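Asker: Structure provided below as structure tokens; questions to follow.
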Amino acid sequence: MENKTIVAFDLYGTLLSTDSIVKHLGQHFSSTTAQSISKSWRRYQLEYTWRLNSMGRYDSFSNITRNSLRHALAEHGEKPEKDVIDEILRAYDSLSTFPDVPSALGQLAHRPEITAVVFSNGTQDTVTNSVHHSPDLSPHRAVFKEIITVDEVRQFKPAPAVYAHLAQTIGKLPSSQMADLWLVSGNPFDVIGARSCGMHAIWVDRGRRGWIDAALPDLQPTAVVHDLNDILTVIQ
């Protein structure tokens with residue numbers, strides 16, 4: 001990989017739309033409740049990873065996803081049977097992509113100078129299942145040369161050790177070669193984590209809100225795009 005441009009794609013919230021679970025939730029709850037549960041679920045899923053990082057604790061992303069779903073359901077006064085929860089979690093393994101993803105990955109397949117990898121908080125099994133089972137993403141899975149997760153590090157984004165693990169896995173030195181790597185993410189916390197470690201990072205701002213994250217005001221994305229297809233004009 002040393003002579004190629006390395007581009008690491010975040011999965012959930014960048015390639016796969018976590019909001020696409022609403023359709024499945026709608027089979028069990030009202031439309032309004034399904035949308036609200038989906039938003040709470042995602043919020044708690046991320047919040048749990050940050051809490052665990054802060055406490056120096058670790059649990060698998062699969063467990064976090066289950067526990068945050070239970071939290072969101074309880075918050076809405078919903079108490080479905082275990083088999084319903086299991087069914088919802090299985091559906092989470094086959095989320096839909098954002099509309100711009102298939103065409104962007106189709107273009108990427110014709111750019112041999114770029115090596116693309118998936119880089120996710122998820123477990124190896126969960127991420128592999130998602131990539132292979134998503135009806136929109138699975139036809140393009142060959143674009144990704146590797147799936148890199150946080151399992152071995154036992155920390156979550158945006159912990160510095162996670163980005164160092166990415167670099168080491170693809171044969172780069174975290175101490176001096178982070179600038180050789182590009183991250184593509186729709187999650188501001190991920191973008192800032194990568195930039196803090198010296199990586200290039202493209203924020204996918206599909207909502208066209210503009211960069212407003214102020215956790216570290218001196219850190220900005222290398223570039224902002226509104227459509228995933230535009231990343232190829234940024235990465236030359």
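Derivation of every value follows stated rules applied to the coordinates shown; laboratory data play no part. Predicted model, so just to flag it, every value in this text is computed and none were measured. All Cβ positions, glycine included, derive from the backbone under ideal geometry; neighbour counts span all protein chains shown.
Asker: When only DSSP loop residues count, what GluC sites (Glu not before Pro) in the stretch 53-159 have their Cβ near at most 11 other Cβ atoms within 10 Å?
Answerer: Glu81, Glu113
Asker: Just add up the charged neighbours of Ser40: K/R +1, D/E -1, any other residue whose Cβ is under 14 Å from the Cβ of Ser40.
Answerer: Net charge in that neighbourhood comes out at 0.
Asker: Quick one: 3J(HN,Hα) in Hz for the stretch 112-124, Karplus 6.51/-1.76/1.60 with θ = phi - 60°, rounded, Gly and Pro as x.
Answerer: These are the phi-based 3J(HN,Hα) values: x, 7, 10, 9, 9, 10, 8, 9, 9, 5, x, 6, 4 Hz.
Asker: Arrange Arg57, Arg42, Arg195 by Cβ neighbour counts within 10 Å, fewest through most, would you?
Answerer: Taking fewest neighbouring Cβ atoms as first place, the list is Arg57, Arg42, Arg195.
Asker: Using modelled amide H (1.01 Å from N, peptide plane; none on Pro or chain starts), what sits under 5 Å from the amide H of Ala201, excluding residues fewer than 5 places away?
Answerer: Those lying under 5 Å, H to H, from Ala201 are Leu183, Thr222, Ala223.
Asker: Where does each of Phe9, Phe61, Phe29 land when they are ranked from fewest to most other beta-carbon atoms within 10 angstrom?
Answerer: Phe29, Phe61, Phe9
Asker: Would you work out the relative contact order for the chain, in percent, from Cα pairs under 8 angstrom that are 6 or more residues apart?
Answerer: Normalised by residue count, the contact order of the chain is 23 percent.
Asker: So, one more: Would the stretch 117-211 count as rounded, prolate or oblate if I go by the C-alpha gyration tensor, calling it rounded below 1.5 in a/c and otherwise prolate when a/b exceeds b/c, oblate otherwise?
Answerer: In terms of gyration-tensor shape, oblate.
Asker: Can you put Ile192, Ile212 in order, fewest other beta carbons within 10 Å first?
Answerer: Ascending number of Cβ neighbours within 10 Å: Ile212, Ile192.
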